[in-house]
Amino acid sequence: MVDMEPTKTIQIKRRHSSHEDAVGTLTIDDPRLDGYRPDPAIVQQYVSRKMPNGMTDIEYCMAVWRGDETLGCPARENLMFVGDTQGGKTMLVNVLACKIGEEMGLGVPVPVFTLSASNGITDFDLFGQDKPWTNPETGTDHIVWLPGLADMAARVGGILYIDEANMMPERVTSSLHPLCDYRRMFVNRNKAVKVPGDGFVADVVQANPDLWIVGTMNPNYRGAGPLNEAFSERFRWLLWDYDQAVETKLIPNDAVRTLGTALRQLRELGKIRTPTGTATLMRMVRDVHRDGVDMALYVLRSKFTADERPYVDEVIESRSFKVLIANAAEHRHPLSGSGEHVMDEESPF
Ligand SMILES: Nc1ncnc2c1ncn2[C@@H]1O[C@H](COP(=O)(O)OP(=O)(O)OP(=O)(O)O)[C@@H](O)[C@H]1O
Ligand SMILES: [Mg+2]
């Protein structure tokens, strides 16, 4: 049986909505949002990079989050990180959620409402929709209002995280325009609100001042195009290439790092398409220690396509990477394994 009586599963604080909803609230520190919060342990695992102005990435991003009235810099200016795969962009967004939670004195990270653009998002994901729900206690079916992620973020605050932003269809980015620019609002055309007298209007939502919109994108993502110009103009852009100083800390085996540089150069030359991210090289160092060099190289090679593998093998063999990596792992070579000395990364061939 479908009971068409609307039932609200999650009631949202709507102090910023033009139409006050008297029932229930959902605040930024509400335990019901704990599923959207990152694990604060991530902060300890994160290795910061230095920005060109001498600040760490966290210091700089937090300064953007705070804004600076004297300079006319708006608080919570939208940020877009652009860089190749597995370079720490998503991790940084989660670290920032922890730092903001600390700065706001919440005792928990702020929620990160993630829109995964590569999953084919629609306006329903952004703005909500009616969904069937079965009450487990009574077995009765209801139609309930399931809020959209942009809607929740706009009302509650925290981070609205647009992952793989360049995979978003244009009609979706344009739906986000008013929320992303100075208007900081949107008209939720999926949601009817009763107005006094006869009739209904679409819900108008003014964003909570604690909403921060952060995007990440990978320019080389297969199937992605450039970001729509009007949408991209609404963001401060930060290029997030692989960072040598960060990788020196995360990948203590110098020979593995040099192999990474060689593989990235092969990609820049157009010989291979598969990227070699920071995470792949970190995994390789762990593999070398646990399983030995042969197994680690086997796992690394498995990542590449059959037509790429001859190029990869040539690099590995011509530079004797097997020996270099083993030596570095055993600290036998004076120029490797210390994490301090870097072999000639400029000419890895
Ligand atoms: N600065 C860093 N500090 C610690 N770990 C890092 C850092 N950068 C990358 N890593 C490692 O790389 C992994 C992948 O990072 P992350 O998912 O944030 O990359 P990404 O840039 O979002 O990649 P993609 O574009 O594929 O989504 C992390 O889980 C972590 O293990
Ligand atoms: Mg990511």
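The values are calculated or read from the model by the stated rules, or taken from the named source; none is laboratory data. A quick note: this is a predicted structure, and the numbers were derived from the prediction, not measured. Here Cβ is always computed from backbone atoms with ideal geometry, including for glycine, and neighbour counts include all displayed protein chains.
Quick notes on this one:
- All of (1) assigned to a helix (DSSP H, G or I); (2) in the same structural domain as Val315 (by TED's automatic domain parsing) hold for Thr274 with one exception: (1).
- Any hit, the range 220-238, residues being touching a Pro at 6+ places or on another chain (Cβ under 9 Å) and either of a type in the set (Gly, Ala, Ser) or not in a loop (DSSP other than H, G, I, E, B) (or both): yes
- Close pairs (8 angstrom Cβ cut-off, 6 or more residues apart or separate chains): under 17 Å from Tyr182 (Cα atoms) in the range 65-91, more than 16 Å from ligand 2 (Cβ to nearest atom) and polar (S, T, N, Q) anywhere: Met80/Ser232
- Residues satisfying the stated conditions in the range 118-139, i.e. surrounded by 14 or more Cβ atoms within 10 Å (Cβ to Cβ), part of a loop (DSSP other than H, G, I, E, B) and modelled with pLDDT of 90 or more: Gly128
- Cβ-Cβ distances below 6 Å connect the following pairs, each with a first residue in the range 160-177 that is assigned by TED's automatic domain parsing to the domain that holds Asn218 and among the small types (Gly, Ala, Ser), a second residue that is in a helix (DSSP H, G or I) and within 16 Å of ligand 2 (Cβ to nearest atom), and a separation of six or more residues or different chains: Ala165/Ala117.
- Residues (in contact with a strand residue (DSSP E or B) (Cβ under 9 Å, 6 or more places away or on another chain) and assigned to a loop (DSSP other than H, G, I, E, B)) located in the range 207-219: Ala207, Asn208, Asp210, Asn218, Pro219
- Filter pass, Phe113 being assigned by TED's automatic domain parsing to the domain that holds Asp203 and more than 16 Å from ligand 1 (Cβ to nearest atom): yes
- Residue ID - surrounded by the fewest Cβ atoms within 10 Å (Cβ to Cβ), chosen from residues in the range 140-165 that are over 18 Å from Asp30 (Cβ atoms) and among the acidic types (Asp, Glu): Asp141
- Selection status of Gly197, modelled with pLDDT of 95 or more and over 20 Å from the mean Cα position of the chain (by Cα): no
- The criterion of being assigned by TED's automatic domain parsing to the domain that holds Asp34, under 15 Å from Ile213 (Cβ atoms) and touching a Gly at 6+ places or on another chain (Cβ under 6 Å) does not hold for Ile121.
- Subset tally (residues that are over 11 Å from the mean Cα position of the chain (by Cα), within 17 Å of Leu239 (Cα to Cα) and away from ligand 2 (no atom under 11 Å from the Cβ)) for the range 80-98: 0
- Against the test of being farther than 23 Å from Tyr242 by Cβ and of a type outside the set (Asp, Glu), the options Ala306, Ala279 yield a single qualifying residue, Ala306.
- Among residues of the range 224-242, those that are over 17 Å from the mean Cα position of the chain (by Cα) and within 16 Å of ligand 2 (Cβ to nearest atom), counted: 0
- Taking helices (runs of 4 or more DSSP H) as the structural unit, those lying wholly within the range 1-106 and holding at least 2 residues that are modelled with pLDDT of 95 or more and away from ligand 1 (no atom under 16 Å from the Cβ) correspond to 57-66, 89-103.
- No other residue among Thr280, Thr216, Thr258 is closer than 28 Å to Thr305 by Cβ, within 16 Å of ligand 2 (Cβ to nearest atom) and outside the structural domain of Val64 (by TED's automatic domain parsing) apart from Thr280.
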